[in-house]
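Read-outs throughout are calculated quantities, based only on the coordinates presented, and are distinct from any laboratory measurement. What you see is a predicted model; the values in this text were computed from it and never measured. Glycine gets a Cβ as well: all are built from the backbone with ideal geometry, and neighbour counts include every protein chain shown.
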Amino acid sequence: MLTRRSFLKSSSLLALAPTVPVFITRTANAAGTEKDSNVLVVVQLDGGNDALNTLIPLKNETYANLRPRLKIADKDAIKLNDEFGLHPSFRQAETLIKAGHLLAIPGVGYPNPSRSHFDSMAIWQTARTDPEEFKGYGWLGRTLDTIGGDSYTISNDVPRTLRGRRSAAIAMTRLEDLTLADSGTVKNAAGPEAQQDLLAFVRRHAVDGSAAADKMAAMAKATDGGNYPGNALGERLKLIARLMKADLGTRVFYTTQSGYDTHATQQFTHSNLLAEFAGAVNAFFDDLKSAKLAERVTLLAFSEFGRTIKENGSLGTDHGTAGVTFLCGPKVKAGVAGTLPSLTDLEKGEPKMTTDFRRIYATILHDWLGVTADVLAGSYERLKLFA
Amino acid sequence: MKTLDPVWAPFTPEDTNPWDLRRVAHLHRRAGFAGTWGELQRDLQNGPEKSIDRLLAGKASLHAPPEFASTANVLGDAAVATNESGRIKAWWFYRMLFGPDPLGEKLTLMWHNHFATSNAKVQDLAFMRRQNETFRRLARAPFGELLNASVREPALLIYLDASANRKGHPNENLGRELMELFTLGVGNYSEDDVKEAARCLTGWTTEDGKFTEVPVKHDDGEKKVLTKKGTLAGSDLVKLLLENPATAKRLVWRLCDTFFGEKAVSVEAMKSLADGLIEKNLDIGWALGVMLRSKAFFAEANIGTRIKGPAEFIVGTARALEMFDPAPSTLALADWCGRMGQDLFEPPNVGGWTGGRAWIGARSMITRANFVAALVEGTNAGRSKAHDPSELARQHKLPTDANALITFHCRLLLGGDPTPNLIARLAKGMDRKMVALLLATPEFQLG
């Protein structure tokens, strides 16, 4: 296995010395202190997860009336406390729940919620509400600008969350995606620092790509310690676990699970999505535990919004507002944090959020990643999310 | 008609902005998928007017085989009959590589992004192909014709849950995207407008593979969308949105995003063209003519200031190197395109691909480098022979010594002579390795 020290000595880095990208020099400088640092894994649930059928309010007549056909019966829910139960698909996360490694936060949102997938996702990704800023940097990109280090996104595109001024985000879907057929090509083709902004941008990514390929080539193949379900999210989390085992010093990993935009006949779709999510996350932590890495990892799962609390006429739900956010890992304070928004005191027909998502970010930044910089453009009161 | 912003005045060659190889190559990269040496030389001789007219008329390619239309149909039919999504993607790559009308294919790609629809949900290749043909057929038409046809395409109706939207049970999906993505753009309507738009569209569905309106499912009550009140039906809603000035602005943005580089057109210039577009009944062909002939299009700020998208990158490279006989496997090209982040017929979401700088990342740079290596070697691109730079030079009666080959390929692929620094980089490879290096340079990723 490639250790940080051998990585520092690797000829690839030396060969790139005159044109070495900022993130690598910074990671190298910070080596040693970073090796045992905490890691954040983000799972973006695309499409707007139906919060009300994910974290179910128990013994709640209003809920039952809003969801005459879609409701989950109290007896089927996996009880977390007197007030809340999880969708039965979370049986797939039994180990995680029993170990006390799962925390659910209901009613998470922001003021004046947007019901556009793009705008709401952009708000979550940038932690900014002004559309002018959506094209700018993401909250984790800004974080990495501050603390250094790189990120891996297991998806085709790097989400704006990880866009930073200097930090480089690497996107991939499989190990082969970071293997160069001819390792000399990109290095030889890259050329000197460019004056033109766009050319400099492309060149920087060419150099990053070459460095990333060198890292992967050096990485020993690790065996997987979790019993991953054979689904897409399971494969992605497995790849993240491998990259972590390769000990590259990466602090942030990001991936997505799509399909939550359940406008019609949602029962089976939603149940399958949650089962895929729960099973994959459960296996991921099993794997990390056997590699003795779990203690360093917290997983955040969020969606751009919840769905309409009232079911629609086509056995589905439409775009809503506040949603449910999950934190998983050995260090989280298990159970439920925060309160369910009222299902009767509504704003434009939907509940008012009870926890601003930026308070969760602020807590993760401060309590987990140890970031004190003003990444969120404002100060948000932290929550008690870690044990 | 109001006077257009002066940047839209026709380009006329001058000493500082001559009609040179650089501008001819620029025209073909942007308004098509890169020119071959023969096309570039022809247009250099013919001058801007004739060259641009030929592109607009859909007759720019010198390499369309006489049996193109029938072959394309056979490939499309076979893709649908076998229900293999890879083959419908390959069908489109065949069209882009061999078709007589590169601009038309580029516009089809643009509309596929505008009305982004994914077969991952639609699960019907006949509908996906049909929608693609509609984009192609109406690519240059007044936008009203294209919009009216597109919102009635079965693929789009399935993708946006139209049939779930009915009287008393509105489903907002189609109404919202119709306003946010297809016409007005975000910020030009309220949440109430979305709800009311959904009511207008109740009853729209597909039956036997065709669009239909089911009267009993339609909510014929009073509605209010934007400022208009009445018992509005779906077609009234579409008409209302077409008349809204925000639609013209969004269309101009879309066209500039496709045909211009970063920051190459000012907000004022876009606004001026949008005003013109309104007076021309949203005629896309008109706007396209103005844009491609304009000073703005051939201005220094617009050359080499755009990142090539994966499909442009792949087809443009294969075309410029004249890989027609034998051609690479279009199945392989479609697969590479997906790996670079642009899986045709399967855009990531209803918003389509972000494009621009989002195309570039460490992984995509690795994939692009691996692709160009595969393409010049042939094997991993499904081509039965490797690229031979000397042979291409000989075909065009050009010298074949190492330095001459570098110069020729730089002129062909970048539109100009290499700098000493670039020559030094390319000299690290011989023959086709030199070409692979050139294709992997940061410079070649721009167009």
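For B:Ala149, what is the net charge nearby, where nearby means another residue's Cβ is under 13 Å from its Cβ and Lys, Arg count +1, Asp, Glu -1?
+2
So what is the relative contact order of segment A:214-356, in percent, for Cα pairs below 8 Å that sit 6 or more residues apart?
22
Only Lys, Arg, Asp and Glu count, each charged at its Cβ (+1, +1, -1, -1), so figure out the dipole size of the protein assembly as shown about its Cα centre, rounded to 20 debye.
With Lys and Arg at +1 and Asp and Glu at -1, about 1340 debye.
For peptide B:351-361, compute the average count of partner chain beta-carbon atoms within 10 Å of each residue's beta-carbon.
5
Are there trypsin sites (Lys or Arg not before Pro) in segment B:375-420 that DSSP puts in a loop and that have at most 16 other Cβ atoms within 10 Å, and which ones?
Counting only loop positions with at most 16 other Cβ atoms within 10 Å, the trypsin sites (Lys or Arg not before Pro) in segment B:375-420 are B:Lys385, B:Lys397.
How far apart, in nm, are the 7 Å Cα→Cβ label points at B:Lys224 and B:Leu4?
The modelled label-to-label distance comes out at 4.0 nm.
Please identify the helices of chain A, taking whole runs of DSSP H, that span at least 15 Å along their own axis as judged from the Cα atoms and have a mean Kyte-Doolittle score of -0.5 or higher.
Qualifying helices: A:197-218, A:232-245, A:267-290.
Taking only Cα atoms and a 10 Å spring cutoff, compute GNM fluctuations for chain A and point out the largest among A:Val186, A:Val158, A:Val108.
Residue with maximal mean-square fluctuation among A:Val186, A:Val158, A:Val108: A:Val186.
Could you compute the net charge surrounding B:Lys223? Neighbours are other residues with a C-beta less than 11 Å from the C-beta of B:Lys223; K and R count +1, D and E count -1.
Cβ neighbours under 11 Å give a net charge of -2.
If only Cα atoms are counted, what is the Rg of the protein assembly as shown, and what is its Dmax, in Å?
Reported Rg and Dmax, both Å: 27.3, 84.
So if I take the centroid of the Cα atoms in segment B:296-328 and the same for segment A:244-318, what is the distance between those two points in Å?
39
Compare the Cα positions of B:Pro170, B:Gly185, B:Val214 along the charge dipole of segment B:167-217 (+1 at Cβ of Lys, Arg; -1 at Cβ of Asp, Glu; about the Cα centre) and return the one farthest towards the positive end.
Of the listed residues, the answer is B:Val214.
As a check on your grasp of the helix formula, calculate [θ] at 222 nm for chain A: sum -39500 (n - 2.57) over DSSP H runs of n ≥ 4, divide by the residue count, round to the nearest 500.
-9500 deg cm²/dmol
What percentage of all Cα-Cα pairs in segment A:143-184 are separated by more than 13 Å?
56
Would you work out the charge dipole size for segment B:13-97 about its Cα centre, treating the Cβ of every Lys and Arg as +1 and the Cβ of every Asp and Glu as -1, and quote it to the nearest 20 debye?
180
Dipole of segment B:1-100 (Lys/Arg Cβ +1, Asp/Glu Cβ -1, origin at the Cα centre): which of B:Met96, B:Asn83, B:Ala34 lies farthest to the positive side?
B:Asn83
Can you give the relative contact order of segment B:74-152 as a percent, counting alpha carbon pairs under 8 Å and 6+ residues apart?
28
Using alpha carbon coordinates only, what is the Rg to Rh ratio of chain B, with Rh defined as the Kirkwood radius?
For chain B, the value is 1.00.
Using 1/(1 + (r/R0)^6) with R0 = 25 angstrom and r between the beta carbons of B:Lys271 and B:Ala301, what's the FRET efficiency to the nearest 0.05?
0.85
Please compute, for peptide A:169-179, the average count of beta-carbon atoms on other protein chains lying within 10 Å of each residue's beta-carbon.
Mean shielding count: 4.
Could you tell me the calculated FRET efficiency between B:Glu243 and B:Ala120, based on Cβ-Cβ distance and R0 = 30 angstrom, to the nearest 0.05?
0.30
Where the only charges are on Cβ atoms (+1 Lys, Arg; -1 Asp, Glu), what is the dipole of segment B:239-350 about its Cα centre, to the nearest 20 debye?
Charge dipole of segment B:239-350: 320 debye, to the nearest 20.
Need one number: nm distance between label points at A:Lys79 and B:Lys59, each 7 Å from Cα along Cα→Cβ, rounded to one decimal.
8.0
Counting other Cβ atoms within 10 Å, which trypsin sites (Lys or Arg not before Pro) in segment B:1-73 have at most 12 and lie in a DSSP loop?
B:Lys2
Using +1 at the Cβ of each Lys and Arg and -1 at the Cβ of each Asp and Glu in segment B:294-447, identify which of B:Pro389, B:Ile360, B:Ser329 lies farthest towards the dipole's positive end.
Going by the Cα projections, it comes out as B:Ile360.
Given a cut-off of 32 Å, name the pairs among B:Lys50/B:Lys271; A:Lys71/A:Lys289; B:Lys121/B:Lys385; A:Lys75/A:Lys331; A:Lys59/B:Lys224 whose C-alpha atoms lie farther apart than that in the structure shown.
Going by Cα-Cα distance, A:Lys71/A:Lys289; B:Lys121/B:Lys385; A:Lys59/B:Lys224 fall outside the 32 Å limit.
Over chain A, what relative contact order in percent results from Cα pairs under 8 Å that are six or more residues apart?
30
Run the helix sum for chain B: -39,500 (n - 2.57) per DSSP H stretch of 4+ residues, divided by residue count, reported at 222 nm to the nearest 500 deg cm²/dmol.
Helix contribution divided over all residues of chain B: -16000 deg cm²/dmol.
Around A:Asp261, under 12 Å between beta carbons, what's the net of Lys plus Arg minus Asp minus Glu among the other residues?
-3
Can you pull the mean other chain C-beta count within 10 Å for peptide A:310-320?
4
For segment B:328-399, what ratio Rg/Rh do Cα atoms give with a Kirkwood hydrodynamic radius?
1.11
With a cut-off of at most 10 other beta carbons within 10 Å, and DSSP calling the residue loop, which trypsin sites (Lys or Arg not before Pro) in segment B:182-218 qualify? Please list them.
none
At each listed q (0.11 Å⁻¹), what is the log10 of I(q)/I(0) that the Debye formula gives for segment A:110-214 modelled as equal alpha-carbon point scatterers?
Per q value, in the given order, log10 I(q)/I(0) is -0.43.
Over segment B:1-73, what per residue volume does the convex hull of the Cα atoms give, in whole Å³?
Dividing the Cα hull volume of segment B:1-73 by its residue count gives 129 Å³.
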